[in-house]
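Trainee: Take a look at this one; I'll ask things after.
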Amino acid sequence: MDSETSNKIEETVLELLKSSNLDEVSELKIRKMASEKLGLDLSDSTRKKLVRQVVEKFLAEEQAKSEANAEEEEEEEEEEEEEGGKKRRVGDKEYDDDGDLIVCRLSHKRRVTIADFRGKTLVSIREYYNKDGKELPTAKGISLTAEQWATFKKNIPGIEKAIKKLESSS
């Protein structure tokens, strides 16, 4: 593949990535959109590999930016908490404004929490939004009881296998 074609593919893929919702797009979708935009078949192994490299590099850069921003936000939050007298961290555990344990942050807007609701322990995977300096949950998400979580967890190997199968066929 000549360098001019390679550069066009890279520029188009980057343009598509920058304008896409990364939570909803896949490498396959990006490759198909770039293929349509350029009028080129990007399914041969050389071009597919190039697209994958561009996507992986872009995602790694975005992850690094996100982590840097998260660290800055975390420092600002800790300063605000100290000033306001609110304590949202206990040891290395983080809690939200409702006192629910934040297990992990999947992205800037999404996180996994453990909460007690009406005497039941729930694992929630949910999107959040900011309003008046507070992070509030949206309706977008799911809350699983301990029993549902156990069933889900037991089926993770099957889910991972299906993901790998889909990724290898694209």
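Trainee: Please work out which one of (1) without any contact (Cβ under 8 Å) to a residue 12 or more places away in the chain; (2) open to solvent by 80 Å² or more (accessible area, probe 1.4 Å) is the condition Lys140 fails and give its number.
Mentor: Just one mismatch for Lys140, condition (1).
Trainee: Consider the stretch 6-17. How many of its residues are open to solvent by 30 Å² or more (accessible area, probe 1.4 Å) and either without any contact (Cβ under 8 Å) to a residue 40 or more places away in the chain or part of a loop (DSSP other than H, G, I, E, B) (or both)?
Mentor: Result for the stretch 6-17: 4.
Trainee: Shifting gears a bit: Among residues belonging to the stretch 102-120 that are farther than 25 Å from Ala64 by Cβ and either touching a residue at least 60 places away in the same chain (Cβ under 8 Å) or small (Gly, Ala, Ser) (or both), point out the one that is least open to solvent (accessible area, probe 1.4 Å).
Mentor: Checking each candidate, the answer is Ala115.
Trainee: Just give me the residues in the stretch 121-130 being open to solvent by less than 40 Å² (accessible area, probe 1.4 Å) and in contact with a helix residue (DSSP H, G or I) (Cβ under 7 Å, 6 or more places away or on another chain), in sequence order.
Mentor: Val123
Trainee: May I pose another question? From Ala150, Ala115, Ala139, which residue is more than 23 Å from Asp92 (Cα to Cα), small (Gly, Ala, Ser) and over 19 Å from the mean Cα position of the chain (by Cα)?
Mentor: Ala150 is the lone residue from the list that is more than 23 Å from Asp92 (Cα to Cα), small (Gly, Ala, Ser) and over 19 Å from the mean Cα position of the chain (by Cα).
Trainee: Let me ask you something else. Need pairs with beta-carbon distance below 9 Å; first residue closer than 14 Å to Lys109 by Cβ and among the polar types (S, T, N, Q) and within the stretch 121-137, second modelled with pLDDT under 90 and not in a strand (DSSP E or B); sequence gap 6+ or separate chains.
Mentor: Within 9 Å, the pairs are Ser124/Asp100.
Trainee: Considering only the stretch 19-53, how many residues are surrounded by fewer than 18 Cβ atoms within 10 Å (Cβ to Cβ), in contact with a helix residue (DSSP H, G or I) (Cβ under 8 Å, 6 or more places away or on another chain), among the charged types (D, E, K, R) and in a helix (DSSP H, G or I)?
Mentor: Residues in the stretch 19-53 being surrounded by fewer than 18 Cβ atoms within 10 Å (Cβ to Cβ), in contact with a helix residue (DSSP H, G or I) (Cβ under 8 Å, 6 or more places away or on another chain), among the charged types (D, E, K, R) and in a helix (DSSP H, G or I): 3 in total.
Trainee: Separate question: What about Glu81, is it in a helix (DSSP H, G or I) and either surrounded by 13 or more Cβ atoms within 10 Å (Cβ to Cβ) or at pLDDT 90 or above (or both)?
Mentor: Against the criterion (in a helix (DSSP H, G or I) and either surrounded by 13 or more Cβ atoms within 10 Å (Cβ to Cβ) or at pLDDT 90 or above (or both)), Glu81 qualifies.
The values are calculated or read from the model by the stated rules, or taken from the named source; none is laboratory data. Not measured: the values here are computed from a predicted model. In this analysis, Cβ positions are derived from the backbone assuming ideal geometry, glycine residues included, and neighbour counts consider all displayed protein chains. All accessible areas refer to the heavy atoms of the entire protein, side chains included, with ligands and DNA or RNA removed. Shrake-Rupley method; radii C 1.70, N 1.55, O 1.52, S 1.80 Å.
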